[in-house]
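Reading through the structure tokens given below for one structure.
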Amino acid sequence: MSVIDDFKSDKNINLIFNAASKMIKDKYSNVDTHDNDLINIIKSIILSICSDAILIKKIVKLMELNKIALSKIKEHYDGIINMQNEPEIIKTEEKDESMKYDSEQLLLKVLELEEKRSVANSLANLQKQQSEVKEPKQESFVQQSNPINFNVKILEKLEVLSREKTKISYKNIVINSYNRDWCNNPNRNKLSFTINIDLLKNNIKIDRLLLPKLIKYKTSFVTMTINNNKHAQKIIFVLKTSSNENAWDIWENVNSDNILLITNKNWHISFTDFLNNDLDMGQDNIDIIEVNDNLNNIYDLTIDNGDKMKYDGFGVSLINKYDNILIKTNLGDNIQGKVLHINDNILSVYIENIEKKILMNSSLLNYKGQYTIMMSYCQKL
């Protein structure tokens, strides 16, 4: 686009109009001028300038053409003022002399204002665009506020629960194999009982096992299976603590946070070794085949050792002097005796307030051969 085309463009006409309007407002406020009249004057002046071939040939810059147009606009309004006030020629010439400076300064000022306005408009447009860009995001955020708030609430709740985890009050449950009906279920590996806890309202976990110290020589780890006739859950235990001074070793759950998923209260528990075979844990209900009264409440009890496997499984080797032993009399009562001496399969036992005949055909349970299941539970959150 040429300089003449730029000079006649609507954009440039608007620029001259703004400069002329400012000039008229400052110096010709007494002249009644309408915007349409001023636009027509500007277009007429531009047309006259473009018709001057000599002038157009000399002028190569848009700024100079605009200054000439403003000068002619000033001359037009000066003529109107002169007609009203009959001004002196000298005064008019002085004004004409200063017109060159005033027009240039005025045009520069208008251009500066236009530049500022352009920058302001650009900033306004940018802010508007940013606002338009942000608004969908805000709308998207509002639309997603519910799930976001919901997730935040979940996270807050989990955080609270995590902090309160240490405050959760756990209660302990201790199950010992001697509490079973060991006469009808002599095998220690098989244990059945009903747990008196509402498993729908409470979480329960198996923490550890206390097993006779001979078990660690039979397997590297122990798998306990809990079966409720519908579902089964397996828990693996490894040896944690062993001491020659203690008859029982502590076996720890490899996953201490493993919550039982079984909700049926009727449990059937069994154990397997590292080969997934039934773990040999021995048995009780071994028969007393002979009783000798040594006076002073001391009786020699001869244990049936005819079945070598059953006898070894009873675990006489686990019993020490002054250990207690449980006796099921021929009347079906459970009484305790304290071992004073062991001679092969004969145990010398101190028993108070008992008659010899009641001990005949009785049977024994070895406390040292029993195991303990340590559990804990808490209310579900």
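Can you find a residue that is at negative phi, outside any strand (DSSP E or B), of a type in the set (D, E, K, R) and surrounded by 14 or more Cβ atoms within 10 Å (Cβ to Cβ) anywhere in segment 285-296? No, segment 285-296 contains no residue that is at negative phi, outside any strand (DSSP E or B), of a type in the set (D, E, K, R) and surrounded by 14 or more Cβ atoms within 10 Å (Cβ to Cβ).
Is there a residue in segment 255-273 that is touching a Gly at 6+ places or on another chain (Cβ under 9 Å) and at pLDDT 90 or above? Spell out how you get there, then give the answer.
We begin by selecting, within segment 255-273, every residue touching a Gly at 6+ places or on another chain (Cβ under 9 Å); these are none.
The answer is no; no qualifying residue exists.
Between N244, N185, N264, which is exposed (fewer than 13 other Cβ atoms within 10 Å of the Cβ), among the polar types (S, T, N, Q) and not in a strand (DSSP E or B)? Walk me through it before giving the result.
Details: N185 fails: exposed (fewer than 13 other Cβ atoms within 10 Å of the Cβ); N264 fails: exposed (fewer than 13 other Cβ atoms within 10 Å of the Cβ).
Selected residue: N244, the only one of N244, N185, N264 that is exposed (fewer than 13 other Cβ atoms within 10 Å of the Cβ), among the polar types (S, T, N, Q) and not in a strand (DSSP E or B).
Could you identify the single residue in I41, I49, I56 that is in a helix (DSSP H, G or I), at pLDDT below 80, among the aliphatic types (A, V, I, L, M) and out of contact with any Gly (no Cβ under 9 Å at 6 or more places or on another chain)? Selected residue: I56, the only one of I41, I49, I56 that is in a helix (DSSP H, G or I), at pLDDT below 80, among the aliphatic types (A, V, I, L, M) and out of contact with any Gly (no Cβ under 9 Å at 6 or more places or on another chain).
Here the condition is being in contact with a strand residue (DSSP E or B) (Cβ under 9 Å, 6 or more places away or on another chain), of a type in the set (D, E) and at pLDDT below 95; of D293, D312, it holds for D293 alone.
Residue by residue, here is whether (1) surrounded by 13 or more Cβ atoms within 10 Å (Cβ to Cβ); (2) among the hydrophobic types (A, V, I, L, M, F, W, C) holds:
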| site | (1), (2) |
| --- | --- |
| D6 | yes, no |
| I13 | yes, yes |
| I16 | yes, yes |
| A19 | yes, yes |
| D26 | no, no |
| H34 | no, no |
| I45 | yes, yes |
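Based on what the data block shows, is S270 out of contact with any helix residue (DSSP H, G or I) (no Cβ under 6 Å at 6 or more places or on another chain), assigned to a strand (DSSP E or B) and among the hydroxyl-bearing types (S, T, Y)? Against the criterion (out of contact with any helix residue (DSSP H, G or I) (no Cβ under 6 Å at 6 or more places or on another chain), assigned to a strand (DSSP E or B) and among the hydroxyl-bearing types (S, T, Y)), S270 qualifies.
Scanning segment 276-299 for residues that are touching a residue at least 40 places away in the same chain (Cβ under 8 Å) and under 20 Å from T223 (Cα atoms) yields N276, D278, L279, D280, M281, G282, Q283.
Within segment 349-360, can one find any residue that is of a type in the set (F, W, Y), in a strand (DSSP E or B) and either assigned by TED's automatic domain parsing to the domain that holds R188 or surrounded by 18 or more Cβ atoms within 10 Å (Cβ to Cβ) (or both)? If you could, list the steps in order and put the result at the bottom.
Of segment 349-360, the ones of a type in the set (F, W, Y) are 350.
Retained after the next criterion (residues that are in a strand (DSSP E or B)): 350.
Next, only the ones that are either assigned by TED's automatic domain parsing to the domain that holds R188 or surrounded by 18 or more Cβ atoms within 10 Å (Cβ to Cβ) (or both) stay: none.
So far as segment 349-360 goes, no, none of its residues is of a type in the set (F, W, Y), in a strand (DSSP E or B) and either assigned by TED's automatic domain parsing to the domain that holds R188 or surrounded by 18 or more Cβ atoms within 10 Å (Cβ to Cβ) (or both).
Condition check: in contact (Cβ under 8 Å) with a residue 24 or more places away in the chain and in a strand (DSSP E or B). Does K230 satisfy that? It would help to see each step written out before you state the result.
Working: in contact (Cβ under 8 Å) with a residue 24 or more places away in the chain: yes; in a strand (DSSP E or B): no.
Here the answer is no, as K230 does not meet what is asked.
Of all the criteria given as (1) surrounded by 15 or more Cβ atoms within 10 Å (Cβ to Cβ); (2) under 27 Å from S270 (Cβ atoms); (3) without any contact (Cβ under 8 Å) to a residue 60 or more places away in the chain, the one not satisfied by G337 is (2).
The values are calculated or read from the model by the stated rules, or taken from the named source; none is laboratory data. Every value quoted in this text rests on a predicted model; they were computed, and no experiment measured them. Neighbour counts are summed over all protein chains in view; Cβ atoms, including those assigned to glycine, are modelled from backbone coordinates with ideal geometry.
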